[in-house]
There are 2 protein chains.
Amino acid sequence: MVHTVSRKVPLVDLGDGTALLTDRYELTMLQAALRSGTADRRAVFEVFARSLPAGRRYGVVAGTGRLLDAIEAFRFGRAELEYLTANGIVDEPTAQWLENYRFSGHVWGYSEGDCYFPESPILVVEGTFAEAVLLETIALSILNHDCAVASAASRMAQAAQDRPLIEMGSRRTHEHAAVASARAAYIAGFATTSNLEAGRRYGVPTAGTSAHSFTLLHDSERHAFEAQLASLGESTTLLVDTYDVERAVRTAVELAGPSLGAVRIDSGDLGVMARSVRDQLDSLGAHDTRIVVTGDLDEYGIAALAAAPVNGYGVGTSLVTGSGAPTASLVYKLVARSDTPSAPMRPVAKRSPGKPSRGGRKAAVRRIDGRGTAYAEMVTTGEPAPGPNDRVLLAPLVRDGEVVGREPLQAARERHAASIAELPPTALQLSKGEPAVPTEFIDGGPRH
Amino acid sequence: MVHTVSRKVPLVDLGDGTALLTDRYELTMLQAALRSGTADRRAVFEVFARSLPAGRRYGVVAGTGRLLDAIEAFRFGRAELEYLTANGIVDEPTAQWLENYRFSGHVWGYSEGDCYFPESPILVVEGTFAEAVLLETIALSILNHDCAVASAASRMAQAAQDRPLIEMGSRRTHEHAAVASARAAYIAGFATTSNLEAGRRYGVPTAGTSAHSFTLLHDSERHAFEAQLASLGESTTLLVDTYDVERAVRTAVELAGPSLGAVRIDSGDLGVMARSVRDQLDSLGAHDTRIVVTGDLDEYGIAALAAAPVNGYGVGTSLVTGSGAPTASLVYKLVARSDTPSAPMRPVAKRSPGKPSRGGRKAAVRRIDGRGTAYAEMVTTGEPAPGPNDRVLLAPLVRDGEVVGREPLQAARERHAASIAELPPTALQLSKGEPAVPTEFIDGGPRH
């Protein structure tokens, strides 16, 4: 099919556009709705999880900042439109509509870093059906990934208490998911990441010194340590388990002196190793040399090392794979729509067995008692009427198509710490259990 | 730190460069090796899995084509170098070295789509230590992700037998991991994907018609079906479980006639539903209307529907999360190096408890018996000496820095089908078990 119709605006090539990071059915629905005259009906979509991953006590909102960038970049340029028309995915009128597409509606969301619970409406998108349905796939991709990683990271950070965590999972996940994972982990309390692009793009602090290959490259472990110390200084972290840990620690302190920054242990029984290395370091006078442990750690492994003389943890695989829950199971559901572009909204819901949806646009309030502890997640189709300590949870992110909710990453990180501090103590148990804050649904009648 | 040293070549901005999709320690090792004089030692790194995910019978190589693109794009431009120097990650001599970096070594690999087993050396990288160590993170990110998805996809394709599989997991994973997942699934036997960018970038066929929101948008299910049929034609797939399946199927055939392409069921007991919908379609004369089922399917769910009248499966979450194994646990290990740039290579290995590596550069041969069935994965540090039916498994991918192993995606898809056909029948069991082909390690002495 040749694409010859003249265009109102000059087509541009969008190098990093996000519009095709989308399921085909969003565009076939658009085309059918344009034809049936329903595309301009007003619509409200909500993003929520029907449940948390099995046994989890809370979820963590992450990805909001990335989603706002993706919405701004969601434009159909020349390459996108040529692909779509040449392959018969959309017809010419739909291609013309897409050419001028720019989201012009509103988005509200739980603020990034906040906790969420089952049925929490963490994102609310309002616009015409046509413009809002197109954002379904990208919104879910970003939030499902980033929330899954942040939710796992938060448990690890709680387990680590005040010991710093290094995110080092880049090699175990897709190369761009790695960057988003580092960002999500930082929000949830990790101190640093190994990922350089996360450093450049998001300002996440980076860390890293050397791998076993560096030791193997040199004629001896001593030569390797000398080379690293000469380049990175005494405050570096030397990896001591390539051959024999005891000998390596002796060599390390001999070369660097007691001001050696840290040693890293990546194998063996980490608790046992940490104790013997601590004793050895102390006996050599290296009282301030820290011990960093890495190697298949997850939140349980971290917690098991609480009594060991460990000064920091590196976490890879379990972090980037959500520690058993690699996706947050968030869905994007139409909950209200109008009969005409100017008519009032009314609730809609499907009745699929096992997957019903609850119609009507929601508000959400975290109910907080007099001691500052959350005791309920109130989700309502009515007016929320928050009490004096309660927190209204939806904040404006996009208004009339303009992003209004952008904030520094540090704000999300601080918000997460505050949101965690507000949860009841049961939230921080690693064992499987019910959500730490129950969701109370109040049907308040239509508020559209 | 201000970056003022004059440069030999003009710096460029690399919009989609891959060089910072890298762990910081690759660059700190580079800096230390440049300083210690070991950076130019020749080195061989190998990528392999110590084991397959628990119970899996085989793994599938995927990501090779993406890795070749990433190696070509692995250049340090202005933005990358400014970030690295301004943040004290590398010193000025290292930045100057990086500015001229272009991988000039050799890469061999198992061909994309082929199967692999524990210790299979699926990628071999030879170059100076400096140039080869820099590729560690990006190589592992791409291969760990894509192999994990392809390995899960292959099991699903075997379970589905000759029924087509639609990949529809984009919304459950990172937005760019989604594109790579669609590509990996196609290699492993999926017929189509919902992901439009995978269609544009890699030519994977795309599919998709409508979601529940499209039905809810309209005044009635009848109106929605009319709209979809008007736009997409009778061959479309109508989603029939928004309200009442039996009524929806009746309406669908009433509107489209017996040439309706397909109906999709996304909830409930899919086997029971498929049988009753088949009966109803047949009773309405719609004998050729297909039934597509979706909704939390994995390879076990697909296999359980083998006797149900189902014509196609849509798979989302379990595909993009590797069906319980979201990463392939591949590692990138230095196995040989020289003492000087011109000296012969010699094997090196670490001795970390539980994670030892096997020194020496490997060759690999799949041993095939007279009936065309694989019976051993021979991995050797010696000369392989393949028998008449055996397959030598490492093919050249990069020679002197030039990509020589690029091929159409279809070639990888066809290779996978052939590689699966060669495995013993036990490979196709979904139950947990040992690798279908045992790895035999033969120490053949140095062949460097």
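The values are calculated or read from the model by the stated rules, or taken from the named source; none is laboratory data. Bear in mind the structure is a predicted one, so any value in this text is a computation, not a measurement. Note that each Cβ is placed from the backbone with ideal geometry, even for glycine, and that neighbours are counted across all protein chains shown. SASA here: full protein model, heavy atoms, side chains in, ligands and nucleic acids out. Shrake-Rupley method; radii C 1.70, N 1.55, O 1.52, S 1.80 Å.
Of note:
- Hydrodynamic radius of chain B per Kirkwood, over alpha carbon pairs, in Å: 24.2 Å
- Sites A:Glu440 and A:Ala417 - FRET efficiency at Förster radius 25 Å, r taken between beta-carbons, to 0.05: 0.45
- Delta accessible area of at least 50 Å² on complex formation, residues of the stretch B:227-251, 1.4 Å probe, chain isolated as reference: B:Ser231, B:Tyr243
- For chain B, averaging the sequence separation of C-alpha pairs within contact (under 8 Å, six or more residues apart) and dividing by the residue count gives a relative contact order of 22 percent.
- Loop-located trypsin sites (Lys or Arg not before Pro) in the stretch B:388-448 whose Cβ has at most 10 other Cβ within 10 Å (DSSP): B:Lys432
- Interface of A with B. Using a 1.4 Å probe and counting protein heavy atoms only, the two chains hide about 8000 Å² of accessible surface, both sides summed.
- Between helix B:245-256 and chain B there is an angle of about 80 degrees, using the helix long axis and the longest principal axis of the Cα atoms.
- Delta accessible area of at least 30 Å² on complex formation, residues of the stretch A:180-196, 1.4 Å probe, chain isolated as reference: A:Ser194, A:Leu196
- For the stretch B:18-36, residues shielded by at least 20 square angstrom of accessible area compared with the chain on its own, probe 1.4 Å: B:Leu20, B:Leu21, B:Thr22, B:Asp23, B:Arg24, B:Tyr25, B:Thr28, B:Met29, B:Gln31, B:Ala32, B:Arg35, B:Ser36
- Of A:Val60, A:Val404, A:Val44, the one that fluctuates the most in a GNM where chain A has Cα springs shorter than 10 Å: A:Val404
- Qualifying trypsin sites (Lys or Arg not before Pro) for the stretch A:84-177 [loop in DSSP, other Cβ within 10 Å: at most 14]: A:Arg102
- Share of carbon and sulfur in the accessible heavy-atom surface of the protein assembly as shown [1.4 Å probe, %]: 50 percent
- Where A:Asp23, A:Asp339, A:Asp162 fall by accessible area, highest first, once all protein chains stay in place (1.4 Å): A:Asp162, A:Asp339, A:Asp23
- Of the GluC sites (Glu not before Pro) in the stretch A:25-123, those whose Cβ has at most 16 other Cβ within 10 Å and which sit in DSSP loop: none
- Spherically averaged projected area in nm², based on the convex hull that wraps the Cα atoms of the protein assembly as shown: 37.6 nm²
- Per residue, the protein assembly as shown exposes 35 Å² of solvent-accessible protein surface, assessed with a 1.4 angstrom probe and all protein chains in place.
- Between A:Tyr313, A:Tyr332, A:Tyr101, the Gaussian network model of chain A with springs among Cα atoms under 10 angstrom shows the greatest mean-square fluctuation at A:Tyr101.
- The order of B:Asp91, B:Asp390, A:Asp296 by accessible area, most exposed first and with a 1.4 Å probe, is A:Asp296, B:Asp91, B:Asp390.
- A helix-only calculation puts chain A at -10500 deg cm²/dmol for mean residue ellipticity at 222 nm, using -39500 (n - 2.57) for each DSSP H run of at least four residues, averaged over all residues.
- Translational diffusion coefficient of the stretch A:150-324 (Stokes-Einstein, Kirkwood radius from Cα pairs, 25 °C, 0.890 mPa s): 150 µm²/s.
- Computed accessible area, B:Glu440, all protein chains, 1.4 angstrom probe, square angstrom: 80 Å²
- Build a GNM of chain A with springs between Cα atoms under 10 Å apart, and of A:Gly77, A:Gly109, A:Gly63 the one that fluctuates most is A:Gly77.
- A:Phe76 - accessible surface, heavy atoms, 1.4 Å probe, Å² rounded to 10: 10 Å²
- Pairs exceeding a 31 Å alpha-carbon distance, out of A:Lys333/A:Lys432; A:Lys432/B:Lys333; A:Lys350/B:Lys432; A:Lys362/A:Lys432: A:Lys432/B:Lys333; A:Lys350/B:Lys432.
- Between this copy and the others, label points of B:Arg391 are 5.5 nm apart in ascending order, each placed 7 angstrom from Cα in the Cβ direction.
- Ordered from highest to lowest accessible area with the whole protein assembly present and a 1.4 Å probe, A:Glu402, A:Glu422 read as A:Glu402, A:Glu422.
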